[in-house]
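Taking it in order: structure first as structure tokens, then the write-up.
Please treat every number below as a calculation from the coordinates, not as lab data. Note that the structure is predicted; figures quoted are calculated from it, not measured.
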Amino acid sequence: MNKTKVFAVIFALLAAAMALGFAIPKEENHTEYLRIHIRANSNDDIDQTVKYAVKERIVEFLTPYVAQAKTKENAEKIIKSLLPSIEKVADETLLKKGFSYSSKAKINNEKFPTRAYGEYTLESGYYDALIVELGSGKGDNWWCVVYPPLCFTGSGSNYVYKSKIYEIIRNFFEKEAK
């Protein structure tokens with residue numbers, strides 16, 4: 001069979017599969033969550049270490065604000081209004097730790113892989129997210145969910161950062177030690 005006939009057969013099979021609903025699945029756009037990513041400048045140990053220091057300060061700063069959000073849209077509006085302040089918190093932390101690069105904060109819709117947060121699993125797809133890039137932002141990132149608050153929890157004026165990932169790892173090693 002020549003190349004034209006092979007192409008025609010493949011095209012016909014693909015068209016038939018699509019007509020029957022066997023199309024290649026598209027990534028879903030998840031509109032009910034607002035995620036957070038803090039991207040390190042690089043994967044060098046020093047950049048990864050400062051990423052966690054910045055994360056701690058940003059979480060501390062955002063928690064009282066995020067706790068007020070009743071909807072994802074409300075959380076996103078609050079975060080958007082705070083983008084300059086988020087950058088200021090990150091930049092002050094970077095400067096205090098001796099880094100000359102700065103940060104850039106934005107809300108963007110990006111593709112994420114499947115991730116588990118304790119008992120919750122977020123499927124791969126596109127999510128709105130607060131993205132905080134440190135320097136070039138090319139290093140590994142820290143991630144969690146701002147809304148619903150899977151990482152930002154608290155009541156009244158006593159807010160506490162809760163890391164589901166840390167709890168999973170801690171529980172695993174506690175079970176292994178027994």
TODO: With an 8 Å cut-off on Cα pairs and a minimum separation of 6 or more residues, tell me the relative contact order of the range 66-139 in percent.
DONE: 26
TODO: Starting from the amide H of N41, placed 1.01 Å from N in the peptide plane, find each other amide H under 5 Å away whose residue is 5 or more places distant or on another chain.
DONE: L134, G137, G139
- [ ] Using θ = phi - 60° and the Karplus relation 6.51 cos²θ - 1.76 cosθ + 1.60, list the HN-Hα couplings for the range 61-76 in order, rounded to whole Hz, with x at every Gly or Pro.
- [x] 5, 7, 3, x, 6, 5, 4, 7, 6, 9, 9, 5, 4, 5, 4, 5
- [ ] Any chance you could run the full-extension gain for K77 through F61? It's 0.36 nm times the residue separation minus the Cα-Cα distance, nm to one decimal.
- [x] 4.2 nm
TODO: Principal axes first, then extents: for the Cα atoms of the range 76-150, list largest minus smallest coordinate on each axis, whole Å, largest first.
DONE: 38, 27, 21
